[in-house]
Amino acid sequence: MDKGRAEKIARFLYEAGQLRRVDRSGWWVAGVDAPESVAEHSFRTAVLAGMLAKIIGANREKVLTMALYHDIPEARINDLHKVAQRYFDCPTANVRAAEDQADSLPSELGREMAELARELFDESSLEAKIVADADHLECLLTAKEYLQRGFPVQDWIENNLAGLHTEAAREIAQAAIDAAPSDWWKGLKISHKQ
């Protein structure tokens, strides 16, 4: 690999790292002072997307790549909650930011990123719908966790449930609604050996 190509990739990776410092701003409206970062949200979104792709039989590699890139534009435009989005053309801003980011990468990587971003924001394929579902599911799970801690976020649960495209996502959402977030560890066999 030539030095210029490696430098472009390194700069992009530093930019992607900005997502660790971008808070998910919608939770501020509900009074959550220290919400998760966009990077934390993106991790669980990718886990969910990979599972949904496997369950549904979609192109898992494409879904995972799309899920990992889905919030990369927020390194440039930040995370805008729904109230703020009323005043901006967010889909266009996300695509523009993704295309600018793609232009900063070596051509073959940038082309892929730009194509996936357009497909994702248009929800023009099964894979894009799966990533959208994973994004909604992750927000629903987080809302359920915040609800358990006493924050008034029932609307987030209902709105994200209503936005789901696939039956598999709706089934997982209902199971998540019915479960207590803190019960994941109950029933595990824990060894007392040191």
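A short reminder: the numbers here are calculations on the coordinates, not readings from a lab. None of the values given here were measured: they were computed from a predicted structure. Don't worry about glycine lacking a Cβ; one is built from the backbone with ideal geometry, like all the others, and counts go over all protein chains shown.
Numerical summary
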quantity	calculated
Given K8/K62; K82/K144; K144/K186; K54/K144, the pairs whose alpha carbons are separated by over 29 Å	none
Check: the chain dipole with +1 on Lys, Arg Cβ and -1 on Asp, Glu Cβ, in debye	640
The range 1-61: chymotrypsin sites (Phe, Trp or Tyr not before Pro) in DSSP loop, at most 16 other beta carbons within 10 Å	none
Simple label model, 7 Å out from Cα along Cβ direction - R11 to E115, nm	2.4
Cα-centre dipole for the range 130-194 with unit charges at Cβ (Lys and Arg positive, Asp and Glu negative), debye to 20	520
Distance (nanometres) between label positions extended 7 Å along Cα→Cβ at R96 and W28	2.1
Rounded D (µm²/s) - the range 40-103, Kirkwood Rh over Cα pairs, Stokes-Einstein at 37 °C, 0.692 mPa s	254
Loop-resident sites, the range 8-80, for trypsin sites (Lys or Arg not before Pro), counting at most 10 other Cβ within 10 Å (DSSP)	R21
Net dipole in debye of the range 56-107 [+1 Lys, Arg Cβ; -1 Asp, Glu Cβ; about Cα centre; nearest 20]	200
Separation between Cα centres of the range 6-53 and the range 110-167, rounded to whole Å	13
For the chain, radius of gyration divided by Kirkwood radius, i.e. Rg to Rh on alpha-carbons	1.00
